[in-house]
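Have a look at the structure below before the remarks.
The values are calculated or read from the model by the stated rules, or taken from the named source; none is laboratory data. Because the structure is a prediction, the values reported are computed rather than measured. So basically every Cβ, Gly included, is an ideal-geometry build from the backbone, and we count neighbours across all protein chains shown. These area figures cover heavy atoms from the full protein model, side chains too; ligands, DNA and RNA do not enter into them. Shrake-Rupley method; radii C 1.70, N 1.55, O 1.52, S 1.80 Å.
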Amino acid sequence: IVNAPLATPLLGHTGAVYLTTFSPDGRLLATASYDHTVRLWDVSDRTRPKPLGKPLTGHTSWVSSAVFSPDGRTLASAGDDGTVRLWDVSDPRHPRSLGPPVTGHDGTIFLAAFSPDGHTLATADEDHTVRLWDVTDPHRPVSLTTLKGHTDSVRSIAFSRDGRTLASGGDDNTVRLWDVSNPRHPRSVGTPLTGHTQTVH
């Protein structure tokens with residue numbers, strides 16, 4: 001049995017799409033693209049998805065990541081320009097920027113991830129680091145700390161369900177675990193997980 005797609009493709013981006021993310025309630029889809037934009041789509045009716053508002057612009061190069069906060073009211077985007085942008089998407093038809101781009105990384109940001117409580121944002125970077133940001137007030141994100149230990153680009157990050165542990169992986173073929181129960185003072189847990197012979201995405 002071949003499962004047919006629910007609808008025709010969502011068209012609008014003019015470059016490769018690097019990440020697709022559903023909102024927590026499943027009614028919105030965010031897409032991050034090589035065309036320097038993020039787009040929002042209404043997918044509440046899976047057979048009739050439609051674009052919402054204008055593309056989110058501001059990044060000066062390709063966008064690798066666009067992720068929703070746990071409450072679905074904030075979207076974080078990041079990419080090749082080394083910046084993070086936060087967007088108020090509480091009214092997805094009229095999303096708005098929450099302030100100037102967040103800077104600190106030195107290279108492409110490959111992925112962003114919110115902690116389960118929505119207070120912390122983690123970003124994985126080409127500069128071999130993971131950064132933690134306090135986004136309790138998304139209008140005023142604050143840099144908390146930088147996790148160092150990888151010897152090559154970090155491509156993947158994920159919080160545990162309880163938010164106390166962060167896993168990171170990348171081009172050094174390792175996965176590292178971090179205790180982030182106190183995000184201002186995280187610490188490495190155990191030794192790096194090895195065994196992969198190619199990049200961990």
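Data for the structure
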{"read-out": "Cross-chain or 6+ apart pairs with Cβ under 9 Å, the stretch 93-105 first and surrounded by 11 or more Cβ atoms within 10 Å (Cβ to Cβ) and modelled with pLDDT under 95, then part of a loop (DSSP other than H, G, I, E, B) and of a type in the set (Lys, Arg)", "value": "Gly99/Arg140"}
{"read-out": "Filter pass, Ser90 being open to solvent by less than 60 Å² (accessible area, probe 1.4 Å), of a type in the set (Ser, Thr, Tyr) and within 30 Å of Ser44 (Cβ to Cβ)", "value": "yes"}
{"read-out": "Wholly within the stretch 5-61, strands (runs of 3 or more DSSP E) carrying at least 1 residues that are surrounded by fewer than 19 Cβ atoms within 10 Å (Cβ to Cβ)", "value": "17-22, 38-42, 50-56"}
{"read-out": "Strands (runs of 3 or more DSSP E) (entirely within the stretch 88-201) containing at least 2 residues that are within 22 Å of Ser69 (Cα to Cα) and of a type outside the set (Ser, Thr, Tyr)", "value": "109-114, 120-125, 129-134, 142-148, 154-159, 165-170, 175-179"}
{"read-out": "Cβ-Cβ under 8 Å pairs, at least 6 apart or on other chains, the stretch 64-81 side under 17 Å from Asp106 (Cα atoms), far side among the basic types (Lys, Arg) and crowded, with 19+ Cβ neighbours inside 10 Å", "value": "Ser77/Arg85; Ala78/Arg85"}
{"read-out": "Single residue of the stretch 165-174 satisfying the filter (surrounded by fewer than 22 Cβ atoms within 10 Å (Cβ to Cβ) and either out of contact with any Ser or Thr (no Cβ under 9 Å at 6 or more places or on another chain) or modelled with pLDDT under 95 (or both)) that is nearest to Ala124 (Cα to Cα)", "value": "Asp171"}
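Every residue, every condition in (1) open to solvent by less than 50 Å² (accessible area, probe 1.4 Å); (2) modelled with pLDDT under 95; (3) of a type in the set (Lys, Arg); (4) in contact with a Gly (Cβ under 8 Å, 6 or more places away or on another chain), yes or no:
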position	(1), (2), (3), (4)
Arg73	no, no, yes, no
Ala78	yes, no, no, no
Val84	yes, no, no, no
Ala122	yes, no, no, no
Asp127	yes, yes, no, yes
Leu144	yes, no, no, no
